[in-house]
Structure formats: structure tokens, C-alpha cells
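One structure is given below, encoded as C-alpha cells.
The values are calculated or read from the model by the stated rules, or taken from the named source; none is laboratory data. None of these values were measured; they are calculated from a predicted model. Cβ coordinates were reconstructed from backbone atoms using ideal geometry, including for glycine residues, and neighbour counts include every protein chain displayed. Each accessible area value is taken on the protein alone, full model and side chains, heavy atoms only, with ligands, DNA and RNA left out. Shrake-Rupley method; radii C 1.70, N 1.55, O 1.52, S 1.80 Å.
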Amino acid sequence: NFDLKLDENLPKVPINEFVVWEIMEPLIQNSIDHAKRSDIRISIITSYNTDSKTSQVQVIDNGRGIAPDLLELNERGIKRIFQENVSTKDNSEKTGYGCYLAYEISKQRCGWNMDAENLKEGGCCFTITIPN
């Protein structure tokens, strides 16, 4: 199940919609793949902060959350979940690139920031912060 809560005041971004999809799809797929429950609910929430002139896009799920070791920072301050070849899947072939690519595209191509965290009530939240 998907819930959309979209802020009408969110400014347009000067990024091709296919690039935006290359960022969003792996985050959504990660939530589906790692939820480990049949009643997965994914919320996509957008908001615009007029004071800081930033937009946020959040992908939130009600799954089991992200393993704590994947939220640890490396020496460059990047969480392990966003590093290349990092996966919790049993079959390591062709895995470990989704969150890495989403992070790299958002950071390098778009100049956006991305974060991941576990929620107190369960599940996880990926947050993309877009300077406007």
C-alpha cells in the first residue's frame, strides 16, 4: 500500500523526471525488499520549508527498519547503507547498488542531500533534502 502526502507548495526542480526516478525507485524498492512483512505500507511525503528554502522528500515504510551497522558513518561521513556493494541480501550477486546509486545521483548530479534513519515506531525513513 502506498500513501502520498504531497505539499502543493513544493517548487519544481530543474532535474529530468527520469533522473528523479533513478533516485526514488531504489529507495522504494529497498523498503519493499527489506520490510519482511506482507502488509507493507510506504508513505511518500513532500514538504517545503519557506524559512530555510529547502524541500524534503521522504520515503517512509512500516517494515523492520535498517540494520544498525548500515547506519554507521565511514571516515567520509557517509552511512554504510549508501556505500557501494553493501547489501543484507543473501545472494550478493548484483546487489548493493540501489541505495548507493540513489545517494550518488542525488549528491553528485543534483546537489541534494540524502539520509536514512530508523523510526521509533518501527520502519525506516529515507529523506532527500533539496536546496531551492
Fill in: Close pairs from the range 34-54: first modelled with pLDDT of 95 or more, partner among the basic types (K, R), Cβ under 6 Å, at least 6 apart
I45/K5
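Evaluate the range 16-33: report whether one residue or more is assigned to a loop (DSSP other than H, G, I, E, B) and more than 15 Å from Y103 (Cα to Cα).
First pass over the range 16-33, keeping only residues assigned to a loop (DSSP other than H, G, I, E, B): 16.
In the following step, the residues that additionally are more than 15 Å from Y103 (Cα to Cα) were identified as 16.
Yes.
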Worksheet item: Picking from D115, D51, D7, which residue would you name as being within 25 Å of N132 (Cα to Cα), in a strand (DSSP E or B) and among the acidic types (D, E)?
Response: D115
Item to complete: Filter the range 1-24 for residues that are in contact (Cβ under 8 Å) with a residue 40 or more places away in the chain and among the charged types (D, E, K, R) and give the result.
Response: D3, K5, D7, E22
Item to complete: Could you grab me the full set of residues in the range 1-28 that are touching a helix residue (DSSP H, G or I) at 6+ places or on another chain (Cβ under 9 Å) and open to solvent by 70 Å² or more (accessible area, probe 1.4 Å)?
Response: F2, E22
Fill in: Hey, I40 open to solvent by less than 30 Å² (accessible area, probe 1.4 Å), in a loop (DSSP other than H, G, I, E, B), touching a Gly at 6+ places or on another chain (Cβ under 9 Å) and aliphatic (A, V, I, L, M) or not
yes
Fill in: Meets criteria (open to solvent by less than 50 Å² (accessible area, probe 1.4 Å) and without any contact (Cβ under 8 Å) to a residue 12 or more places away in the chain) for G98
no
Discussion item. So, in the range 120-132, exactly how many residues are part of a loop (DSSP other than H, G, I, E, B) and open to solvent by 40 Å² or more (accessible area, probe 1.4 Å)?
Written reply: 3
Practice prompt. Please work out if S52 is within 25 Å of P11 (Cα to Cα), of a type outside the set (K, R) and open to solvent by 50 Å² or more (accessible area, probe 1.4 Å).
Written response: yes
Response to the item:
Only one of (1) open to solvent by less than 30 Å² (accessible area, probe 1.4 Å); (2) at pLDDT below 95 does not apply to Y103, and that is (2)
